[in-house]
Amino acid sequence: MSDEERGEESNGGCCPILENLKSMPNYDECPVRTIGRCDRWRLGRPPTYDEVNAKYLLQKKMKHTPDSLEKAVENIVKSWEAEIQHKLIPEQIDSIDLERFSMATNNKTPWTIDDVITRGTYCCLLEGVSHPVVEMDFERSNEYFREKFKTGFAWEVVKVFSGPQKVVFSWRHWAHVGSDTLTEEMEGKGNLVELEGFTRANVGPGGKMRDIEVFFDQDKFLTDMAEAEGAG
């Protein structure tokens, strides 16, 4: 559960897949993000998600019904991810309990919302590993992965084990290295980088995130990414 969606202009805006996104047979399974207003967007405007939504619909493994707990958790997390990635005013991040929010990976030191806004979720999620991205700021770390995962870094909930209010769930996170468009990936181009993990979250009234703990194999993710790059 990291920088799942960049929320930026597509790398291939003329791609037929994106032009016909709303005509996809499973478009009703598209993520629903509740983002709300903001006076200071990181990109100067609200984010857009057409490309990663298309990647999600084309390549996801799960098929959760709209009324399932899995779909509810997925939409809450995607709303939260969009807000912390793109809103620069913590008080306007509607998806968190501002006074209680913290985020930690693999039982390491928790990060505050100010930490996450400044450093970015990549740095938080990879804290403690030996990799240059850990020392980067938000913009540089996002650019680093944007160059590698050109069609986005999609994310889905696999299974919810408990909740609400204390929610425990497994998830899948995936991207491709070596492809530039979703059309190329449909043709078999690009090497899959797949990450699986668990999250434990305390969710307050109104679906507001409080403390979040993420668990996954950091070293395996970086090794798999390097191997995917080396595979050509």
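The values are calculated or read from the model by the stated rules, or taken from the named source; none is laboratory data. This is a predicted model, so every value here is computed, not measured. Note: ideal-geometry Cβ built from the backbone for every residue, glycine included; neighbour counts use all protein chains shown.
Could you check the stretch 53-66 and list, in sequence order, the residues that are under 14 Å from LYS78 (Cα atoms) and part of a loop (DSSP other than H, G, I, E, B)?
Residues of the stretch 53-66 that are under 14 Å from LYS78 (Cα atoms), as a first pass: 53, 56.
Within the stretch 53-66, none qualify.
Contact annotation: no residue pair with Cβ atoms under 6 Å, 6 or more positions apart or on different chains, pairs a residue in the stretch 158-182 that is free of Cβ contacts under 8 Å to residues at least 24 places away in the same chain with a partner that is part of a loop (DSSP other than H, G, I, E, B) and not polar (S, T, N, Q).
When you scan the stretch 43-52, do you find a residue that is in a helix (DSSP H, G or I), crowded, with 20+ Cβ neighbours inside 10 Å and touching a Leu at 6+ places or on another chain (Cβ under 9 Å), even just one? Yes.
Consider the stretch 101-128 and keep the residues that are in contact with a Lys or Arg (Cβ under 8 Å, 6 or more places away or on another chain) and part of a loop (DSSP other than H, G, I, E, B). The one that is surrounded by the fewest Cβ atoms within 10 Å (Cβ to Cβ) is GLY128. Based on this model, can you work out whether GLY188 counts as farther than 21 Å from SER95 by Cα and either touching a His at 6+ places or on another chain (Cβ under 9 Å) or at pLDDT 95 or above (or both)? In short, yes.
If you filter the stretch 129-158 down to residues that are closer than 30 Å to PRO66 by Cβ and among the hydrophobic types (A, V, I, L, M, F, W, C), you find that the one that is surrounded by the fewest Cβ atoms within 10 Å (Cβ to Cβ) is VAL158. Checked against (1) among the small types (Gly, Ala, Ser); (2) assigned to a helix (DSSP H, G or I); (3) at pLDDT 95 or above, SER141 meets all criteria but (3).
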